[in-house]
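For reference, the structure discussed in these notes is given below.
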Amino acid sequence: MSTYDCVILTEQRYLNDSKTDAYKHNVYFEDRLVYHALEELGLKTLRLAWDDMFFDWSTTKSVLFRTTWDYFDRYDEFSEWLEKVSKQTLLLNSEALIRWNIDKHYLLDLQKNGVHIAESHFINQNTKVTLAQLHHILDWKDTVLKPCISGAARHTYKLNLENLKEHETLFQELITNEDMMLQPFQHNIVSKGEISMMVFNGQFTHAILKKAKAGDFRVQDDFGGSIHNYSPTSEEIKFAETSVKACIELPIYARVDIFEDNDGHIALSELELIEPELWFRHHPEAPKLVAKAIKDKLAHEH
């Protein structure tokens, strides 16, 4: 018999609350909201670091990825762990969704399913090409270069025709190790911001507007970006729900990051299905939806 119904996954850095670090406190507080929502539905719950060496993962019916924000720095270890644990318990979201979502090539799958994505060019590992050639072929002037497997803006560079030469050596180094992608620089992300839409079990709940700080193009709060409550249009809500339904399977939770592209259309910049920040503190009803979706899924599984 399982001892737990659902284990909420975090990482060592965020296991404990902090009175001095507001960011850590928010992480802890939001996970507590989920914890209480699960407990309220009678689900026995525990919160652990994903790399906890002493926990027997077969003793829980499910695990919910929340704040495992070191996984891309320890990807090989995480990948092994994922494979092992997926055989012992139900992963939410599933291993298939996580592996699909880790690599930005998933954007092409969504595009095939009718989702309008940010214009993107993928460069496979070991492709013999220079940045100058790419910009010439694509006829792009201002671009952003990033790895296909990435997080927290790792190796993300803003390029233009003037600085290609100084990035060339780095680009050649990166492309020998991994697949990269190049996208036209999206001016509206800087001027208007990027909207994060939270969708649980296919249903939109709330949205946040992220703005980069003056002089930067990265909206992540790691880089001084700010967040604001946002009321999306019905068109934006429909776009977010449609994007989630275009996935290889329906995720329990998803964050759909959208923006207005250079042509004035709603476009998907990213679909986050692994460990997205979901801003539960801005919408305390949302954890209840997650909890209910988990309870229903467990009832369905057993």
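The values are calculated or read from the model by the stated rules, or taken from the named source; none is laboratory data. Just so it is clear, the model here is predicted, and its values are computed rather than measured. Methodologically, a virtual Cβ is constructed for each residue, glycine included, from the backbone with ideal geometry; neighbour enumeration extends over all protein chains shown.
Odds and ends about this structure:
- Contact map, the stretch 71-89: residues that are outside any loop (DSSP other than H, G, I, E, B) paired with residues that are among the aromatic types (Phe, Trp, Tyr), Cβ distance under 6 Å, separation 6+ or inter-chain. Pairs shown: Phe78/Tyr71; Val85/Trp57.
- Those residues of the stretch 90-103 which are assigned to a loop (DSSP other than H, G, I, E, B) and of a type in the set (Gly, Ala, Ser), in sequence order: Ser94
- Failed criterion for Phe185 (all others in (1) in contact with an Asp or Glu (Cβ under 8 Å, 6 or more places away or on another chain); (2) surrounded by 17 or more Cβ atoms within 10 Å (Cβ to Cβ); (3) at pLDDT 90 or above hold): (2)
- Options Thr20, Thr68; residue that is hydroxyl-bearing (Ser, Thr, Tyr) and either touching a residue at least 12 places away in the same chain (Cβ under 8 Å) or in contact with a strand residue (DSSP E or B) (Cβ under 7 Å, 6 or more places away or on another chain) (or both): Thr68
- Number of positions in the stretch 246-283 that are acidic (Asp, Glu), over 19 Å from Leu92 (Cβ atoms) and out of contact with any Asp or Glu (no Cβ under 8 Å at 6 or more places or on another chain): 2
- Checked against (1) surrounded by 12 or more Cβ atoms within 10 Å (Cβ to Cβ); (2) free of Cβ contacts under 8 Å to residues at least 40 places away in the same chain; (3) not small (Gly, Ala, Ser), Asp139 passes all but condition (1).
- Residues in the stretch 1-32 that are among the acidic types (Asp, Glu), at pLDDT 95 or above and surrounded by fewer than 18 Cβ atoms within 10 Å (Cβ to Cβ): Asp17 only.
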